[in-house]
Amino acid sequence: MCTVALKSPPPAPIALRPKRVSKALKGKAIRGNTTGNFRIVEKMVETKRDEATLYLIKVRDHRDELVFRKLYRSLAPKLLGHLQKRGMTRDAAEEVLQETFVTIWQKAHQFDPARANAAAWIFQIARNKMIDRFRGDKRPLPADIEILTETQDPDAEDILSLQDDIAELQTALSQMNADQRDIIEKAFLGEMSHSEIQELTGLPLGTIKSRIRLGLEKLRYELSKT
Amino acid sequence: MKQIDHHIAPEMLADYSNGHLDYATSLVVASHVSLCDSCRAEIDTFDVLGGALLQEEIAQEPSPDLEDTILKAIHTSVAQPRVKASGPLPQPVMEALNGKQPAWKSLGPGIRQHIIARDKKSSVRLLYIEGGKPVPEHSHKGQELTLVLQGAFGDKTGEFHVGDVEVADGDLEHQPIAMHGEACICLASTSDNLIFKSMLPRLLQPIFGI
Ligand SMILES: [Zn+2]
């Protein structure tokens, strides 16, 4: 697995924008508040980033079924393609799709855009359901992290930084040809760590890990005060 | 969060994410990840890459009535709340115990265990060891993971505190001793670790074309 080589050179690692100076732990790493999130949602609309993430935040905060339908339409076809490529029959894949979207609706309150985008969050829900089917057992999952929903002023900069980095990752992947992406997918489904994949492909995964970790630490800090 | 020094190797985390580890090992990995932000960020990053690859997939249109079926289902299906963590026992362990406290069985003075699951190739158990007592060995073959949930133990490779996990192959000669003070509670798995490797070809078949 570790000896795979790209057939043609991967795109050069993307230069990261200078890091924004991170605000000190001034508190209120709160991400579930409607008023606070309004700003983030607006900013994301402004820059026309990731639609699906925008929809998921709206589903989480407003329980809006029309937006939920939009979220479904934006990701369900790709998810179905993915599940079938992984070896599921169409019927089984549609069942997993249904279970996944019901879970998205039920667990939307746990979605934290400082630690994931919608595609990543939904991918892991679907993957876990697929694995449970293949294995026929209930694979233990890590503890849920409850996000706070009372205070205002979410850390919009952290959220936007992570979403920017993920957008760069997406751009890098979309610029690869199908063979290159195939190799990354094989590495991903094998036993490679993200740092090995980063080394192999130049994809900026280390930065994303640092940001997710920062998001977790800030949330823990806030939770410890409540 | 307390400082954690002994982690799960990133490759094993990747195996866990892909469903390649058996139940016993998965339970220890999930429990460590519940306590460790660093390893959680590692698997979350893995999911971000999965999500990005998902966006590049070739779409397949779902059956036209599936959307409405799902919209009905969100009103009729009730979410099963997860069993909560309890004291030193993290959420995945309490789920494995179906929400009940462990029923400790004595293994000798100052040492107790509760076997959570066991089959021919693997086992996972909780161990309760009073300070100064040795951590019982659970296997001589395969891979052992020992995660500290309360107290601490030490052996010649170092000290292990809450959240630390020791990963040992069967041939590692070591005799961990619970450190003095609060009793040490560990979650320990032993496994030949290959059970679900047999599933791998099936999962990857369409991609590798084998
Ligand atoms: Zn760790």
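When segment B:18-37 is filtered for residues that are open to solvent by less than 10 Å² (accessible area, probe 1.4 Å) and more than 7 Å from every other protein chain (Cβ to nearest Cβ), the ones remaining, listed by number, are B:His20, B:Leu21, B:Asp22, B:Ala24, B:Thr25, B:Val28, B:Val29, B:Ser31, B:His32, B:Cys36.
Of everything listed in (1) part of a helix (DSSP H, G or I); (2) open to solvent by 10 Å² or more (accessible area, probe 1.4 Å); (3) within 8 Å of chain B (Cβ to nearest Cβ); (4) not small (Gly, Ala, Ser), the single unmet condition for A:Asp144 is (1). Would you confirm whether or not segment A:184-195 contains a residue that is at pLDDT 90 or above, aromatic (Phe, Trp, Tyr) and open to solvent by less than 50 Å² (accessible area, probe 1.4 Å)? No, segment A:184-195 contains no residue that is at pLDDT 90 or above, aromatic (Phe, Trp, Tyr) and open to solvent by less than 50 Å² (accessible area, probe 1.4 Å). Considering each residue of segment A:152-170 in turn, at least one proves to be under 30 Å from B:Val83 (Cα atoms) and surrounded by fewer than 19 Cβ atoms within 10 Å (Cβ to Cβ).
Taking segment B:18-37 as the range and being more than 10 Å from the ligand (Cβ to nearest atom) and more than 11 Å from the chain's Cα centre (by Cα) as the test, the residues that pass are B:Asn18, B:Gly19, B:His20.
The one condition from (1) facing chain A (nearest Cβ under 7 Å); (2) open to solvent by 10 Å² or more (accessible area, probe 1.4 Å) that B:Asp68 does not meet is (1).
Looking across segment B:38-52, the residues that are open to solvent by 10 Å² or more (accessible area, probe 1.4 Å), within 12 Å of the ligand (Cβ to nearest atom) and not β-branched (Val, Ile, Thr) come down to B:Ser38, B:Arg40, B:Glu42. Looking only at residues of segment B:1-17 that are more than 11 Å from the ligand (Cβ to nearest atom) and charged (D, E, K, R), we find that the one that is least open to solvent (accessible area, probe 1.4 Å) is B:Asp15. When A:Leu203, A:Leu169, A:Leu173, A:Leu214 are checked against the criterion of being outside any helix (DSSP H, G or I) and either touching a helix residue (DSSP H, G or I) at 6+ places or on another chain (Cβ under 6 Å) or more than 7 Å from every other protein chain (Cβ to nearest Cβ) (or both), A:Leu203 stands alone in meeting it.
The values are calculated or read from the model by the stated rules, or taken from the named source; none is laboratory data. These figures come from a predicted structure and were not determined experimentally. Heads up, the Cβs are rebuilt from the backbone with ideal geometry, glycines too, and the neighbour counts pull from every protein chain shown. Surface areas here come from the heavy atoms of the whole protein model, side chains and all, with no ligands, DNA or RNA. Shrake-Rupley method; radii C 1.70, N 1.55, O 1.52, S 1.80 Å.
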